[in-house]
Structure formats: structure tokens, C-alpha cells
1. Within region 68-86, restricting attention to residues that are free of Cβ contacts under 8 Å to residues at least 24 places away in the same chain and in a helix (DSSP H, G or I), which residue is farthest from residue 24 (Cα to Cα)?
2. Any residue that is within 21 Å of residue 126 (Cα to Cα) and either open to solvent by 40 Å² or more (accessible area, probe 1.4 Å) or assigned to a helix (DSSP H, G or I) (or both) - is there at least one of those in region 21-40?
3. From the list 27, 31, 63, which one is of a type in the set (Lys, Arg) and under 13 Å from residue 144 (Cα atoms)?
4. Looking only at residues in region 151-173 that are open to solvent by 80 Å² or more (accessible area, probe 1.4 Å) and of a type in the set (Val, Ile, Thr), which one is modelled with the highest pLDDT?
5. Taking only region 57-67 into account, find how many residues are in contact with a helix residue (DSSP H, G or I) (Cβ under 7 Å, 6 or more places away or on another chain), surrounded by fewer than 24 Cβ atoms within 10 Å (Cβ to Cβ) and not in a loop (DSSP other than H, G, I, E, B).
6. For the structure I just gave you, tell me whether residue 65 is within 16 Å of the chain's Cα centre (by Cα) and of a type in the set (S, T, N, Q).
7. Look through region 94-136, keep the residues that are small (Gly, Ala, Ser) and crowded, with 16+ Cβ neighbours inside 10 Å, and return whichever of them is modelled with the lowest pLDDT.
8. Quick check, is residue 82 over 30 Å from residue 153 (Cβ atoms), at pLDDT 85 or above and open to solvent by 40 Å² or more (accessible area, probe 1.4 Å)?
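The values are calculated or read from the model by the stated rules, or taken from the named source; none is laboratory data. Model, not experiment: these values are computed from the prediction. Don't worry about glycine lacking a Cβ; one is built from the backbone with ideal geometry, like all the others, and counts go over all protein chains shown. Side chains are part of the model used for accessible areas, which takes the heavy atoms of the whole protein and leaves out ligands, DNA and RNA. Shrake-Rupley method; radii C 1.70, N 1.55, O 1.52, S 1.80 Å.
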Amino acid sequence: MPTREDMAQNRYLAPIAHRFLSPELWRFTRRSVPRGVALGLFAGFIVPVGQIFLAAFLAMPARANVPISALMTFLTNPFTLPFWLLLANKLGGFVLRIDAVAGGDIYADIMAGHWGGFGWFLETAGVTAFGFIVLAVLSAALGYAASVLVWRLIVSRKWTRRSARILRPSPAQ
């Protein structure tokens, strides 16, 4: 996991290192953590290489937590990639079949053109790529909602414990 200092000393990030050093990007707040989770999940599914840098770049304008966004990109790693490829292919095929039933047939349009001989690759790769786009958007939305819920549960538990401690009579009384 890159630290603040590591990112500041990276030669590729040197022109914009001052932006990464902003303290608001490294604080764990109720707004920055869910944003970081959502951006990290989105970047993890949308690009195959350079996910951490994409998540960090997206975190700057969104004022999201940079360490959380970088950490969430590790959901898609070489060990889990076969699972995500299969899921993306099935999900993309399911969504595109719904589109075909609704009246839009993307594959018929592609096959009618000059891509007909290359159609088997477009069919498999296109469905999988579309599935990854759907996974990126869905995982970002679900990750955001789940992190907001977990944050609220943690804070409410702390408040409940604090109020119970205040209301409890001390043994000296």
C-alpha cells in the first residue's frame, strides 16, 4: 500500500505531488471513505492495469480517501481474475440479452458490417468488456452504500456505548 511519502517521491507523480499531499485526501471521514470505496471498486473493474493510479487520480477531484481507494482496487487481482472474467461474461450476456428482447440487437448491427468474420471474438470479448463496465458501476454503487451503512453502524455503536457509560452510576456514589 503506497504511503503519502511514497507517492510524493514518485517521479511520475512529481508534477502533481502537491495535490496528493493534501491532508483531506488522507483523512478517514464519513464522506471520504465511501467515496474512496466507490472509486477504488470502479477503477478496479474498469481498467486491467494501473488501477491504483487511476483510483488515486479519481480520488483527487472527488475528495475521496486515497488509501481506501487504492486498497479497494486489490479486489481484482490475478488470483480472483478468473472468477471476475466468468462473472463479467455471464453478466454482460444477461444484460445484452435483455437489450435484444427489448428491441435493440447490438450483435446483428455488428455482424451486418465488415466485422462479420471477427464476430466470434467481438461476441466473447465484447460481452465480457460490457460485463466489466456493469460490474464497475454496480460494485461502486453497492460499495458506497455498504460503506455508508458500516460507517453509521460503527458510529452508532460508539454513541450507544458512550451514553451507556455516562448513564451508568459510578461505584463511588
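1. In the first step, residues of region 68-86 are kept if they are free of Cβ contacts under 8 Å to residues at least 24 places away in the same chain; the result is 77-83, 86.
Adding the requirement that they be in a helix (DSSP H, G or I) leaves 81-83, 86.
Working: 81: 33, 82: 36, 83: 35, 86: 38 Å.
The residue in question is 86.
2. Of all residues in region 21-40, those within 21 Å of residue 126 (Cα to Cα) come to none.
No; the residues of region 21-40 include none that is within 21 Å of residue 126 (Cα to Cα) and either open to solvent by 40 Å² or more (accessible area, probe 1.4 Å) or assigned to a helix (DSSP H, G or I) (or both).
3. Working: 27 fails: under 13 Å from residue 144 (Cα atoms); 63 fails: under 13 Å from residue 144 (Cα atoms).
Selected residue: 31, the only one of 27, 31, 63 that is of a type in the set (Lys, Arg) and under 13 Å from residue 144 (Cα atoms).
4. Here is the first cut: in region 151-173, the residues open to solvent by 80 Å² or more (accessible area, probe 1.4 Å) are 152-154, 157-162, 165-169, 171-173.
From what's left, of a type in the set (Val, Ile, Thr): 154, 160, 166.
Numbers: 154: 92, 160: 89, 166: 82.
Restricting to residues being open to solvent by 80 Å² or more (accessible area, probe 1.4 Å) and of a type in the set (Val, Ile, Thr), the top hit is 154.
5. Here is the first cut: in region 57-67, the ones in contact with a helix residue (DSSP H, G or I) (Cβ under 7 Å, 6 or more places away or on another chain) are 58-60, 62-66.
Then drop every residue that is not surrounded by fewer than 24 Cβ atoms within 10 Å (Cβ to Cβ), which leaves 58, 60, 62-63.
Within this subset, residues satisfying the condition of being not in a loop (DSSP other than H, G, I, E, B) are 58, 60, 62.
So the answer is 3.
6. Values: within 16 Å of the chain's Cα centre (by Cα): yes; of a type in the set (S, T, N, Q): yes.
Taking the combined requirement at face value, the residue satisfies it.
7. Our first condition is that a residue be small (Gly, Ala, Ser); within region 94-136, this holds for 100, 102-104, 108, 112-113, 116-117, 119, 125-126, 129, 131, 136.
If we keep only those that are crowded, with 16+ Cβ neighbours inside 10 Å too, we end up with 126, 131, 136.
Numbers: 126: 81, 131: 90, 136: 94.
Applying the filter and picking the extreme gives 126.
8. Working: over 30 Å from residue 153 (Cβ atoms): yes; at pLDDT 85 or above: yes; open to solvent by 40 Å² or more (accessible area, probe 1.4 Å): yes.
Yes: the conditions hold for residue 82.
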